[in-house]
Structure formats: structure tokens, C-alpha cells
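Engineer: Got a structure here, written out as C-alpha cells. Questions coming.
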Amino acid sequence: MTETFTPVAAPRADRVMSRLETAFAARRNVLEIIPALAYKQPIVTGEMLIRWHMLADPGGLRRVLLENLDNYPKSEIMRRMLRPAIGNSLFNADGAEWKWQRRAVVPVFTHRNVVALAPAMAATAERVSARLRAGNGRREMVAEMLTATFDVICDVALSGRDHFDAKTFGAAITRYFQTAGRASLLDFLGVPEWFPRPGELLAGSSVRTMHNMVAQAIDARRKVATGGADDLLDYMLAAEDPETRRRMSADDLVYNMQFFIVAGHETTALALSWALYLLANAPEHQERAYRQAVAQLQGRAATAADLPAIPFIEQILDESMRLYPPVGLLARNVLAKDEVCGREMRPNEILFLPIWALHRHEMWWDRPGEFDPDRFSPEARTGRDRYQYLPFGAGPRVCVGADFAMTQAQIILATLVQRFQFSPAEPAPKPIMTMTVRPEPGVFLNVTERT
Ligand code: HEM
């Protein structure tokens, strides 16, 4: 019999909270506002100034994310929170503004381009290994993984750090997440949009720091551009809408690159950190991953070409993003009347898509709280509804960076599990979601080099 491990979960709201309670809970941990019922039934409806729904049903999610997509634009509260940092770039745009950017950006992330960027990912895996070797013992893995994935994005998005002080940029990101990143109490209380939020004033300076740095890197590249496309920024400078031939303006480029840099490294680092936490607590699975990785890699760092031969690494990441989806909750507005899961959706209502609860839902998963990477074996996946597992979203707005993220995460994880053994150390992490689902106060593990 294989081992079972039930990792740490988030507290569930077992009663309807008042508006103020919800506002405070959401600032502390968005996961705490998800009612216990949302893990048991397809849809939960409540009222807080306006009527809201929480939808964790694969058929309903298909309706919202695919079949009737135009009726469910991204929530205005979320977009407002992100707008200072990423403007109306791909992630935040809607309608025609979104469509042309999507057509221009999708070719940038083709598998061929991702494979061309993989050597930078392997080089990073080597650098993390060197850091871990130098400091065997108790280590905090979130900081380690953030450094690793930030390294990759600096290399592939900006060809290194010549125009880019990674430390200053990293500090600005953290400041931004701690301020504007928190769902504003004032938003929940329905205070009008023009009223300045305290976090926004602070966040403004971190956004300026980030934008200036990205703009300088783009300027520098334009001056030396040789026409040869070999990293993400080159691909983006050459990107155009295949239908209209429209190209990115200077602002479009800054906002989109800014989003890739922030979202691209933070989410992937969290997926990796949670995977290491799970493996450290499930030694049999860790051993199986080690055996598969070492048989293929024989000690060297993984490349994109190795990945098909080490499928268990991908299964671990899939299961780890089931239990800890880095993006744990999406929000949409309802435009026109519709029906989802037999419930009426009315104009201006808010629709939450609690990916976190969908992935731990009692109706869709057997033993939902248990860590079991074999849920993602090819046989176990067969016949599963595509909309039951949504770490990268789905439909036309599915994450454009999913292949990039998974390639990077697999290369780093495979390289590390073949070289190091991980076991849990104190304190154990707790999942806290502000913008992303982070382990707090970190993932502390004992790291020992394998000999
Ligand atoms: C493990 C890592 C990642 C996770 C879990 C993740 C998750 C997601 C999710 C859930 C969405 C859909 C949001 C919605 O429908 O409201 C999304 C969209 C997006 N992601 Fe990712 N993402 C990851 C990595 C990346 C990377 C590496 C990049 C780029 C370098 C990226 C770029 C984007 C963009 C541009 C969109 C917006 C697409 C659109 O609206 O057309 N993501 N991501």
C-alpha cells in the first residue's frame, strides 16, 4: 500500500459572515471567505450589497469560461487593483483590446519558443543546486524558488541583468503585493472608486520603480536589436496581430512585460515550493521521483528533451497545483441575464470561481484532501472533465504562459529531486491567499545532498 499524506488546508467559513467580517477575512486570507458549502455543492449564492455566486461545477465553469465568455468579463474590483501595475495589458484587458493582444502574444509562447528558452531554465537549476549545496541544512524554499524563477525570467525576458537590478525590482514587487495587492476593505464596503485607497499611494512608488526598470531594458534592446529573435523581449518586440498587423506601443510593451515578469515568476515559484513541501512529507513519492529523475539525468540538469521520460515530475506538479493552485480564486462580473447550474445570473452580480474549492471538491475528487500524484497518471486523467482542474484557467482566456511555467517548473524540480533529499522542518506552512496562494511563513525544509 502506498503512503497517504493529508497536507495543510485552509479554514472554511462554516457560517455566513457579515460584510465587515468578510472584508477583514479577505484582507487576511481570501481562502477563508470560501464557505464550507462551496466544497460540497456546485454553486453557492449569497448577498453582500450585491448578490454573488461561488461556482465550483465543471459544467457551469465551461459555460462561464467558454460557451458564454463575453457575458462574464473580469471583475472590475480585481482589474482596478491590477491596473496601476499592468494597465490594460493582456491579462487585464477585455473585448477588442484583449482580442488583438491575445492574437499577438500567443505565437510568442509557442512550444518551439519555450524549448528555445529552456537552456536558461537548466542554467538556473544549476545555480539553485549550487546555493543549496553551499548551505545544507534547514532552508526556506519559497525565497529559494523565487530567486530561481526570477533568474529565469530576467534571463529570458530581458537577456540578463545589465539594465536591471534584480534586487531592487524584487523589493518593489514585494512592496506592491503587500499594499495594492490586498483586496481593499474600501472596495468591499462599496466606497466609490475615486476615493484614494491607502495602499495605492504606497504602491505607486513601487510601480514607478518597476516600470522605469522595464522601460530602460526595452529601450536598451531597441538600440542594439539585431533583428534576430532569441528571447522573450525580442519575441514581444516582433509580436503583431496577424489579422490587423497592429504592433505593441511602448506602453503596451512595458505593461505586458511587467506582467510576465511579476506573474511569470511568482506563480511558478509557489507551485515549486508547495511541491517540495508535499514531497518532503511523502518520502515514498519523493523516492519514486528521485529514481525516475536520476535514471534519466544521471546527475546533470534536466533539459526540455528529458521531460517526456520523467512524467512523474509533471504528475507531482499537477497534484501540487490541485491542492495549492497558485491562483486560487477568479472573479467575473455578470453582464446580462443567464442561467448557470440552474441558477439565475442577473446583470451586475459578482461570480467567483473558487479554483481552490473546485480542486478540493467532494463531488469531483475522491479523498480530496490527500496528496496523490497518481491522480494525474495518463489512465487516471482519461475521461476527466477538462473543467474540473483549472490551475491555468480555461477557454479563450487560458494562461498563455502555462507551457513556459510547466517546462520551467519540471526542469527545476527534476534537477533538485535527483540531487537533494528533502524532509520537513518547523514551522509547517499555512496557505494564505492575497493575490496568490502563498505558504506562510514559508516552506522550511531540511535539505541534504544525495551522494
Ligand atoms: C504556475 C504558473 C502559473 C499559473 C498557476 C498561472 C495561472 C493563470 C490563470 C489561472 C490565468 C487565467 C486568469 C483568468 O481567467 O482570470 C492566467 C492567465 C494569464 N497568464 Fe498565467 N499562470 C502562470 C504562469 C504564467 C507565466 C509564466 C506567464 C507569462 C510569462 C503567464 C501569463 C499569463 C497571461 C498573459 C494571462 C492572461 C491571458 C488572457 O487573459 O488572455 N502566466 N494565468
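Engineer: Report every pair of residues separated by at least 6 positions or lying on different chains whose Cβ atoms are under 6 Å apart, first residue within segment 263-280 and touching a residue at least 12 places away in the same chain (Cβ under 8 Å) and on the phi > 0 side of the Ramachandran plot, second among the charged types (D, E, K, R) and near the ligand (Cβ under 10 Å from one of its atoms).
Structural biologist: Qualifying pairs under 6 Å: none.
Engineer: Step by step: first the residues of segment 331-356, then only those that are surrounded by fewer than 18 Cβ atoms within 10 Å (Cβ to Cβ) and small (Gly, Ala, Ser), then the one that is farthest from the ligand (Cβ to nearest atom). Which residue is that?
Structural biologist: Gly342
Engineer: Turning to a different aspect of this structure: Run Ala9 past the list (1) surrounded by 15 or more Cβ atoms within 10 Å (Cβ to Cβ); (2) within 23 Å of Cys341 (Cβ to Cβ) and report the number of the one that doesn't hold.
Structural biologist: (2)
Engineer: I would also like to ask the following. Of all residues in segment 357-375, which are more than 23 Å from Ala38 (Cβ to Cβ) and surrounded by 17 or more Cβ atoms within 10 Å (Cβ to Cβ)?
Structural biologist: Across segment 357-375, the qualifying residue is only Pro373.
Engineer: Select from segment 325-355 the residues that are of a type in the set (D, E, K, R) and part of a strand (DSSP E or B) and write down the one among them that is nearest to Ala269 (Cα to Cα).
Structural biologist: It comes out as Arg332.
Engineer: To continue, here is another question. Would you mention how many residues in segment 79-102 are near the ligand (Cβ under 10 Å from one of its atoms) and more than 28 Å from Ala172 (Cβ to Cβ)?
Structural biologist: 1
Engineer: Just a yes or no: is a residue in segment 389-396 away from the ligand (no atom under 16 Å from the Cβ), touching a strand residue (DSSP E or B) at 6+ places or on another chain (Cβ under 9 Å) and at positive phi?
Structural biologist: no
Engineer: So how many residues does segment 21-60 have that are farther than 29 Å from Ser273 by Cα, in contact (Cβ under 8 Å) with a residue 24 or more places away in the chain and either in a helix (DSSP H, G or I) or among the hydroxyl-bearing types (Ser, Thr, Tyr) (or both)?
Structural biologist: Result for segment 21-60: 3.
Engineer: Among the listed residues Ala269, Ala295, Ala302, Ala263, which satisfies the condition of being more than 11 Å from the ligand (Cβ to nearest atom) and part of a helix (DSSP H, G or I)?
Structural biologist: Only one candidate qualifies: Ala295.
Engineer: Find all pairs meeting these conditions: Cβ atoms under 8 angstrom apart; at least six residues apart or on different chains; first residue within segment 91-115 and within 16 Å of Leu253 (Cα to Cα); second residue more than 9 Å from the ligand (Cβ to nearest atom) and among the small types (Gly, Ala, Ser).
Structural biologist: Qualifying pairs under 8 Å: Ala104/Ala239; Val105/Ala239; Pro107/Ala239; Val108/Ala239.
Engineer: On to the next question. Residues that are in contact with a helix residue (DSSP H, G or I) (Cβ under 7 Å, 6 or more places away or on another chain) and over 15 Å from Met321 (Cβ atoms): list the strands (runs of 3 or more DSSP E) wholly contained in segment 399-451 that include at least 2 such residues.
Structural biologist: It comes to 420-424, 444-449.
Engineer: Could I ask something else about it? Could you please let me know if Leu278 is closer than 23 Å to Met435 by Cβ, in contact with an Asp or Glu (Cβ under 8 Å, 6 or more places away or on another chain) and part of a helix (DSSP H, G or I)?
Structural biologist: The answer is yes for Leu278.
Quick note: the coordinates plus some simple rules give every number you see, no bench work behind them. What you see is a predicted model, and the numbers here were worked out from it, not measured in a lab. Don't worry about glycine lacking a Cβ; one is built from the backbone with ideal geometry, like all the others, and counts go over all protein chains shown.
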